1. Just want the answer: with Cβ charges of +1 for Lys and Arg and -1 for Asp and Glu, which residue in ALA23, VAL93, THR53 is farthest toward the dipole's positive end in the chain?
2. Below 8 Å between Cα atoms, with a sequence gap of 6+, how large is the relative contact order for segment 1-82 in percent?
3. Which value at 222 nm does the chain reach when only helices count, each DSSP H run of 4 or more adding -39,500 (n - 2.57), with the total divided by all residues and rounded to the nearest 500 deg cm²/dmol?
4. For the pair GLU16 and SER96, what calculated FRET efficiency results from E = 1/(1 + (r/R0)^6), where r is the Cβ-Cβ distance and R0 = 30 Å, to the nearest 0.05?
5. Any chance you could give the angle, 0 to 90 degrees and rounded to 10, that helix 6-15 forms with the longest Cα principal axis of the chain?
6. What's the extension gain from ALA25 to ILE104 if we count 0.36 nm per residue and subtract their Cα-Cα distance?
7. For ALA32 and ILE79 in one chain, what is 0.36 nm times their gap in residues minus the Cα-Cα distance, to one decimal in nm?
8. Explain nothing, just compute: Karplus ³J(HN,Hα) = 6.51 cos²θ - 1.76 cosθ + 1.60, θ = phi - 60°, for every residue of segment 41-57 in order, whole Hz, x for Gly and Pro.
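Laboratory data are not the source of any read-out in this text; all were calculated from the coordinates shown. Fair warning: this is a prediction, and the values are worked out from it, not measured in the lab. Ideal geometry is used to build each Cβ from the backbone, glycine not excepted, and the neighbour counts take in all protein chains shown.
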Amino acid sequence: MNSHIDLPKAIDREVENTPGKKAIAMSAFATALRQMPAIIADNGGYDSAELVTQLRAKHAAGGNTWGLDMYQGKITDMIDLGVMESFKSKYQVLMSASEAAEMILRVDDVIKCAPRARNEGH
């Protein structure tokens, strides 16, 4: 599974069953994952719009092992290139990114809180 293409779809399916603000956060996370292939292609100096549309079409046709070949500037089957990512490493990267985002949000909540009233006598 290409986490930047297939994972947002799975998250979007789960958003439909999730009430409240949690669904908004999940949807934003899916949007961020969708942007990753374009960011990677842009950083490589390639036409991200072209590569990402090709990649999405390939995944829609069932080619879920396809990804971006940044050496050639095209989409390629990652198995043919010998690129194999373990589930455990992908899981850890996603968990670390999620935890970092959560920490940032918590800091924002702390900053927004009104200061406590202080008693001069104590």
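1. So the residue we want is ALA23.
2. About 26 percent, as a whole number.
3. That comes out to -20500 deg cm²/dmol.
4. E(calc), rounded to 0.05, equals 0.65.
5. 40
6. Contour length minus Cα-Cα distance gives 27.1 nm.
7. 14.4 nm
8. 5, 4, 5, x, x, 9, 6, 5, 4, 5, 5, 5, 5, 4, 5, 5, 5
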